[in-house]
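Below is one structure; the comments refer to it alone.
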2 protein chains.
Amino acid sequence: MKALLLVAHGSRRTASNEEVRALTRRLEGQAGDSFGQVACAFLELAEPSIPDGIEACIDAGADQVIVVPYFLSAGRHVAEDIPAEVRIKQEQHPRVQIQIAPYLGAASGIETLLLDAAREE
Amino acid sequence: MKALLLVAHGSRRTASNEEVRALTRRLEGQAGDSFGQVACAFLELAEPSIPDGIEACIDAGADQVIVVPYFLSAGRHVAEDIPAEVRIKQEQHPRVQIQIAPYLGAASGIETLLLDAAREE
């Protein structure tokens, strides 16, 4: 089973974390047959942590976990912190495939999304 | 003429600001006939500022400026700071229509974008 784990930074502002959780529920609703599990995790300031989020996907039966960084730029969090957390979990679970998708800011189609948002005004 | 102004937070990390500028150039390349001008501006830590960015669009001949907040959540920056800067410019230029599009995190289609990014792994 394939799981999608949306990884956000996490915020001191509860509403921002709730926005990520609500988006995750919408992703779940639209995932169709692609993902048996859709969840979110946070780098800091909110729960679950990335290791706990990955672990929960594996507990739910995932043999493949796709981590999608919900970040706008390729800063230290995207380039180092998330891969480091993934690496530890990958070593603990060699039979599970844990992959990191492009972060949001580098996702193909973001130009179309922004242009459409602007055109709707 | 209609202008699109992508508004990002701005970062101490030059590469993050450059990512926004590169995205803006890609938007410009894909804008087709929708926008006569595509530019970016930053809330803080990078140039141009939002007022300067709006002013440059108007100087270039825009009578409509669509501000697209490149933000993930509806925090203070999206809810208060950007609208406050826009309001000042709107008062200075009553004949120009300045509108704020949904911020990226609330843009319709973001679910599909994230699911596609995950499916490509």
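Values in this text are rule-based calculations from the coordinates and carry no lab data. These numbers were taken from a predicted model, which means no experiment stands behind them. In this analysis, Cβ positions are derived from the backbone assuming ideal geometry, glycine residues included, and neighbour counts consider all displayed protein chains.
Residue separation of B:ARG119 and B:ALA22 scaled by 0.36 nm, minus their Cα-Cα distance, works out to 32.4 nm of gained length.
What the Cβ-Cβ distance of B:GLU80 and A:THR14 gives, at R0 = 25 Å and to the nearest 0.05, is a FRET efficiency of 0.90. Simple spin-label estimate for B:GLN90 and A:VAL96 gives 4.8 nm between the two label positions (7 Å along the Cα-to-Cβ direction from each Cα). Between identical copies, the spacing of A:MET1 label points, each set 7 Å from Cα toward the C-beta atom, reads 5.6 nm from nearest to farthest. With semi-axes defined as the square roots of five times the eigenvalues of the C-alpha gyration tensor, the equivalent ellipsoid of the protein assembly as shown measures 36, 17, 15 Å, largest first.
Report the residues of the stretch A:86-111 in range of a label on A:ALA60: point 7 Å along Cα→C-beta, backbone N strictly under 16 Å from it. Within reach of a label on A:ALA60, which here means backbone N under 16 Å from a point 7 Å along Cα→Cβ, the stretch A:86-111 contributes A:97-99.
Expressed per residue, the C-alpha convex hull volume of the stretch A:2-119 stands at 111 Å³. Axis between B and A by rotation; chain B residue with nearest Cβ and distance in whole Å recorded as B:LEU113, 3. Shown for B:GLN64: label points 7 Å from Cα along the beta-carbon vector, and their distances to the equivalent points in the other copies, 4.4 nm in ascending order.
Label-to-label distances for B:GLY109 across copies, nearest first, come out at 0.9 nm, using points 7 Å from Cα in the beta-carbon direction. Note on B:LYS2: lysines with a C-alpha under 26 Å away, same-chain residues under 8 apart excluded, are B:LYS89. The magnitude of the dipole of the stretch B:2-119, with charges of +1 and -1 set on the Cβ of Lys/Arg and Asp/Glu and taken from the Cα centre, is near 200 debye.
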